[in-house]
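The values are calculated or read from the model by the stated rules, or taken from the named source; none is laboratory data. Values in this document were obtained by computation on a predicted structure and should not be read as measured data. Heads up, the Cβs are rebuilt from the backbone with ideal geometry, glycines too, and the neighbour counts pull from every protein chain shown. All accessible areas refer to the heavy atoms of the entire protein, side chains included, with ligands and DNA or RNA removed. Shrake-Rupley method; radii C 1.70, N 1.55, O 1.52, S 1.80 Å.
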Amino acid sequence: ILLMAARKSFTDSDTADEAVRATCDDATICKRFATSKGYWKDPYIQYFTRSVGERKAPEINRGYYARVQGVNHLLDAFIRKAECDCQVINFGAGLDTTFWRLKDENLLPRKFFEVDFPTVVARKIHNIKTKPPLSKPIIETHSTDSLLLDAHSLDSDRYCIIGADLRDISNLDEKLKKFQLNSELPTLLLSECVLVYMTPSQSSNLVHWAAETFHTAMFINYEQKERFLKTGWEHADALDMMTIYSMLPQDDVARIERLEFLDEKELLQQLLQHYSICWATKDKLNLGNAQICF
Ligand SMILES: C[S@@+](CC[C@H](N)C(=O)[O-])C[C@H]1O[C@@H](n2cnc3c(N)ncnc32)[C@H](O)[C@@H]1O
């Protein structure tokens, strides 16, 4: 009976994790649809999902627009303050394409790390290996012949993708160090729709690990602020997505609002007020991270 119970609980948690892993496809499909409509440009996302997919409601497209622009605004501000002499760790990166955008915009940090479950990472690496527009920029930014590209990890001078479970902090720490994470460098940590899939104590452990590991850092999280103040960050701010939407460059907002007709403004408002971006900072090197805002 015990064995059956253990097997059942293993199967349940495995199925739950499988559902979590599948969320990276939802995010990519929605982002691809929005970019196909012209909300923002992402020439790389097409390599991670086969087709544009079904039409999404304008509220969803505007919500993704606000999320992507909001996160990019904070991320780019941090990299600029550090004059690219920094590193980025994207937790639960899924099929995200930020590495390629930063390379095209001459904003690459010293090293860009991504972490996700090994099966998600294996899929991402397979796409990179088989699609030259994805692999070329990685090869171009690599100087020696020691590029590691196997089924479960990629490690080049500027880009590293690691398969790991974010709930297992000691394994995560070990893997990041193995791939030359430097705790002395200003570090931007990002989790976009990821912590919500863990228990509060698991996500607090991750956020606390980050606060303990880096002395000059910013953590951008597409969710709540309270857990940062409780886990050793010096400063934390949060804005709901409706406020962020109203603070984005309004000429671009006016442009995307002309892309699709939106009947029910209240629905968009309700949807965006439901989500937030939170960012927390530590600043021993006095880069001015705490002043980064919208
Ligand atoms: C909703 S997707 C978001 C993907 C990406 N951040 C984005 O916004 O496009 C959530 C991602 O977090 C990853 N994830 C969730 N829990 C994780 C864990 N415990 N360890 C590693 N990755 C995890 C999932 O596999 C998935 O790729």
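A few comments on the model shown:
- Debye equation applied to the C-alpha atoms of region 233-283, log10 I(q)/I(0) at 0.20, 0.21 Å⁻¹: -0.78, -0.83
- The Rg/Rh ratio of region 79-226, with both radii computed over alpha carbons and Rh defined as the Kirkwood radius, is 0.94.
- Excluding same-chain neighbours fewer than eight residues apart, the lysines reachable from residue 37 by a Cα-Cα span under 26 Å are 56, 103, 124, 131, 265.
- For the chain, averaging the sequence separation of C-alpha pairs within contact (under 8 Å, six or more residues apart) and dividing by the residue count gives a relative contact order of 19 percent.
- With both residues required to sit in the chain, DSSP beta bridges show an antiparallel share near 45%.
- Intensity falloff of the chain expressed as log10 I(q)/I(0), Debye formula with alpha-carbon point scatterers, at q = 0.10, 0.11, 0.12, 0.16 Å⁻¹: -0.55, -0.67, -0.80, -1.44
- Listed residue (211, 139, 277) projecting farthest to the positive dipole end of region 60-291, Cβ model: 139
- To put it simply, the accessible area of region 60-291 at a 1.4 Å probe is 50 percent carbon and sulfur.
- Between residue 55 and residue 129, the modelled label-to-label distance comes to 4.0 nm, taking each label 7 Å out from Cα in the direction of the beta carbon.
- Taking Cα centre as origin and charging only the Cβ of basic (Lys, Arg, +1) and acidic (Asp, Glu, -1) residues, the dipole magnitude of region 60-291 rounds to 340 debye.
- Full-extension gain in nm, residue 14 to residue 250, via 0.36 nm per residue minus C-alpha separation: 80.5 nm
- Aspartates and glutamates with Cα under 15 Å of residue 282, excluding same-chain neighbours fewer than 8 positions away: 184, 212, 234, 237
- What the Cβ-Cβ distance of residue 167 and residue 122 gives, at R0 = 22 Å and to the nearest 0.05, is a FRET efficiency of 0.70.
- The aspartates and glutamates whose alpha-carbon is closer than 14 Å to the alpha-carbon of residue 175, local same-chain residues fewer than 8 away aside, are 114, 116, 155, 165.
- Separation between Cα centres of region 145-192 and region 85-116, rounded to whole Å: 11 Å
- Protection proxy ranking for 36-45, 215-224, 126-135, using the average of other Cβ atoms within 10 Å per residue and placing the highest first: 215-224, 36-45, 126-135.
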